[in-house]
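Chemist: To start, I am sharing the structure in question, which I have written as structure tokens.
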Amino acid sequence: MAAAAPAMALNGIKTGTASQGHLERTAAKETEVLISGFCRHFYNRRWVIGTAGSIAVKVHNVYIRKSQQLMVMSPSGGLSASSSKPCLRKTTKSSGCDSLFMKRALDLSCPSDGPIQRVRSSLGIGMEQNVSTKARKSEGEIDPFPHCVVLDIEGTTTPISFVTEVLFPYARANVGRHLSTTYDTPETQDDIKLLRSQVQNDLEQGIAGAVPIPSDDARKEEVIAALVANVEAMIKADRKITALKELQGHIWQTGFEGKELEAIVFDDVPKALEKWHALGKKVYIYSSGSRLAQRLIFGNTNYGDLRKYLCGFFDTKVGNKRETSSYVEIFESLGVDKPSNILFLTDVSQEATAAKSAGLEVVISVRPGNGPLPENHGFRTVNSFLEV
């Protein structure tokens, strides 16, 4: 911190103790807000994942002589993030600098117009008086483009045929081989526990296709045979259950890593993702497939790795896609001010209704091969993401 300077007067105005007085002035405080805005802007643009470096801004005041004018700096390492993946919701922690700002007196000029002022204007910092009435949204008015976009996969980003004619058959054909080769791994043992629990529940409810699974002390081949029979019945019934989706994700992982599988997305999907990314919109996936399966699909598409445009993944662990509570959970996870800040795109009217009941904005995706929609469903429809 700069040492306090004697009181002085410029242009007939007494400034008091220049350095200390300047610290308390509105200009210094506004500059701290400006730096915070820069940090937030850089983070949202995915240029940084924390404040590993430092930002400095000159505080300009015509009544303070240059030798006593201040440079306000954010502390280096003031904030770090626990994950290196861009745009995911992270837990942050403060460094020893905590939230302090450093202020030093420097003999530097600060023009009233220039790149800092232009960026300040673009960030909307200190510009409240210049915002036109037209630019303001009246209370309750819907944002013309919500802050976040949540996408379904099957029939929305990806043809239904890819799921039903490629992914499902691959999992069904390889479930026995996968279980045999990975049987003793912790991952597969966890999958088997989930399947045991699900099958026991299915047997109690009389679900068609469910067969008892021998105990752990039975022969490995007997256990695997029962698991295969149950998994095949689940796939045939297209059941949206976590036990099945977790196992399928691990089977598909082998296929994608071995280049046996390549995911298909519609031609407009990468263009829309790039556009939304450029606009600073955060995009998430919500699918009945496991989060692992979702990452595999978007990491291995016919347009390459699209995960750089995605901020996170939701699966049935947040709830069934046709239940309103699932979309409430997603809203509460994304940190937006209101549900209408989220746009959900799906091809299923029941999912659209559940999301709408939670307050989300909803658009239905109409793609080749999708099933018919109910008459008078009441939702906007698009044939391409570029229409959004």
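The values are calculated or read from the model by the stated rules, or taken from the named source; none is laboratory data. Computed from a predicted model, the values in this text were never measured in an experiment. Here the Cβ positions follow ideal geometry from the backbone for every residue, glycine too, while neighbour counts run over all protein chains shown.
Chemist: Would you point out which residue out of 213, 207 is in a loop (DSSP other than H, G, I, E, B), crowded, with 20+ Cβ neighbours inside 10 Å, modelled with pLDDT of 90 or more and not assigned by TED's automatic domain parsing to the domain that holds residue 296?
Modeler: Numbers: 207 fails: crowded, with 20+ Cβ neighbours inside 10 Å.
Answer to the check: 213.
Chemist: Would you be able to tell me the number of residues in the range 336-355 that are among the charged types (D, E, K, R) and in contact (Cβ under 8 Å) with a residue 60 or more places away in the chain?
Modeler: Count: 2.
Chemist: Here's a follow-up. Identify, by number, the condition in (1) touching a residue at least 40 places away in the same chain (Cβ under 8 Å); (2) within 22 Å of residue 161 (Cβ to Cβ); (3) outside the structural domain of residue 341 (by TED's automatic domain parsing); (4) crowded, with 17+ Cβ neighbours inside 10 Å that residue 234 doesn't meet.
Modeler: For residue 234, the exception is condition (1).
Residue by residue, here is whether (1) surrounded by fewer than 21 Cβ atoms within 10 Å (Cβ to Cβ); (2) on the phi > 0 side of the Ramachandran plot; (3) of a type in the set (S, T, N, Q) holds:
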position	(1), (2), (3)
296	no, no, no
308	yes, no, no
320	yes, no, yes
328	yes, no, no
363	yes, no, no
379	yes, no, no
383	yes, no, yes
388	yes, no, no
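Chemist: Working carefully through the options 249, 289, 280, find the one that is in a loop (DSSP other than H, G, I, E, B) and either of a type in the set (Phe, Trp, Tyr) or more than 24 Å from residue 145 (Cα to Cα) (or both).
Modeler: Working: 249 fails: in a loop (DSSP other than H, G, I, E, B); 280 fails: either of a type in the set (Phe, Trp, Tyr) or more than 24 Å from residue 145 (Cα to Cα) (or both).
Only one candidate passes the filter, namely 289.
Chemist: What are the residues in the range 301-335 that are part of a helix (DSSP H, G or I) and touching a residue at least 60 places away in the same chain (Cβ under 8 Å), if any?
Modeler: Passing the criteria: 308, 316, 317, 330, 333, 334.
Chemist: What residue, of 304, 289, 249, 312, is touching a Lys or Arg at 6+ places or on another chain (Cβ under 9 Å), within 17 Å of residue 159 (Cα to Cα) and among the small types (Gly, Ala, Ser)? Lay out the reasoning, then the answer.
Modeler: Values: 304 fails: touching a Lys or Arg at 6+ places or on another chain (Cβ under 9 Å); 249 fails: within 17 Å of residue 159 (Cα to Cα); 312 fails: within 17 Å of residue 159 (Cα to Cα).
Result: 289 is the single residue among 304, 289, 249, 312 that is touching a Lys or Arg at 6+ places or on another chain (Cβ under 9 Å), within 17 Å of residue 159 (Cα to Cα) and among the small types (Gly, Ala, Ser).
Chemist: Within the set of pairs 6+ apart or on separate chains, which have a first residue in the range 202-222 that is in contact (Cβ under 8 Å) with a residue 12 or more places away in the chain and within 24 Å of residue 180 (Cα to Cα), a second that is part of a loop (DSSP other than H, G, I, E, B) and among the hydroxyl-bearing types (Ser, Thr, Tyr), and C-beta atoms under 8 Å apart?
Modeler: What qualifies is 220/183.
Chemist: Touching a strand residue (DSSP E or B) at 6+ places or on another chain (Cβ under 6 Å) and crowded, with 16+ Cβ neighbours inside 10 Å - does that describe any residue in the range 240-254?
Modeler: no
Chemist: State whether one or more residues within the range 355-366 are in a loop (DSSP other than H, G, I, E, B), of a type in the set (Gly, Ala, Ser) and in contact with an Asp or Glu (Cβ under 7 Å, 6 or more places away or on another chain). Spell out how you get there, then give the answer.
Modeler: Within the range 355-366, the first condition is being in a loop (DSSP other than H, G, I, E, B), and the residues that meet it are 358-360, 366.
Within this subset, residues satisfying the condition of being of a type in the set (Gly, Ala, Ser) are 358-359.
From what's left, in contact with an Asp or Glu (Cβ under 7 Å, 6 or more places away or on another chain): none.
No; the residues of the range 355-366 include none that is in a loop (DSSP other than H, G, I, E, B), of a type in the set (Gly, Ala, Ser) and in contact with an Asp or Glu (Cβ under 7 Å, 6 or more places away or on another chain).
Chemist: Here's a follow-up. Hey, among 298, 266, which residue is under 17 Å from residue 167 (Cβ atoms), touching a helix residue (DSSP H, G or I) at 6+ places or on another chain (Cβ under 6 Å) and in contact (Cβ under 8 Å) with a residue 12 or more places away in the chain?
Modeler: 298
Chemist: So, one more: I'd like to know if the range 377-385 contains one or more residues that are in contact with a Lys or Arg (Cβ under 7 Å, 6 or more places away or on another chain) and either in a helix (DSSP H, G or I) or not small (Gly, Ala, Ser) (or both).
Modeler: no
Chemist: Another question about this same structure. Do we have any residue at all in the range 165-186 that's in a loop (DSSP other than H, G, I, E, B), modelled with pLDDT under 50 and out of contact with any strand residue (DSSP E or B) (no Cβ under 9 Å at 6 or more places or on another chain)?
Modeler: Taking the range 165-186 and keeping what is in a loop (DSSP other than H, G, I, E, B), we get 183-185.
Now restrict to residues that are modelled with pLDDT under 50: none.
Looking for residues that are in a loop (DSSP other than H, G, I, E, B), modelled with pLDDT under 50 and out of contact with any strand residue (DSSP E or B) (no Cβ under 9 Å at 6 or more places or on another chain), one finds none in the range 165-186, hence no.
Chemist: Separate question: Would it be correct to say that residue 193 is touching a residue at least 40 places away in the same chain (Cβ under 8 Å), out of contact with any Asp or Glu (no Cβ under 7 Å at 6 or more places or on another chain) and of a type in the set (D, E, K, R)?
Modeler: no
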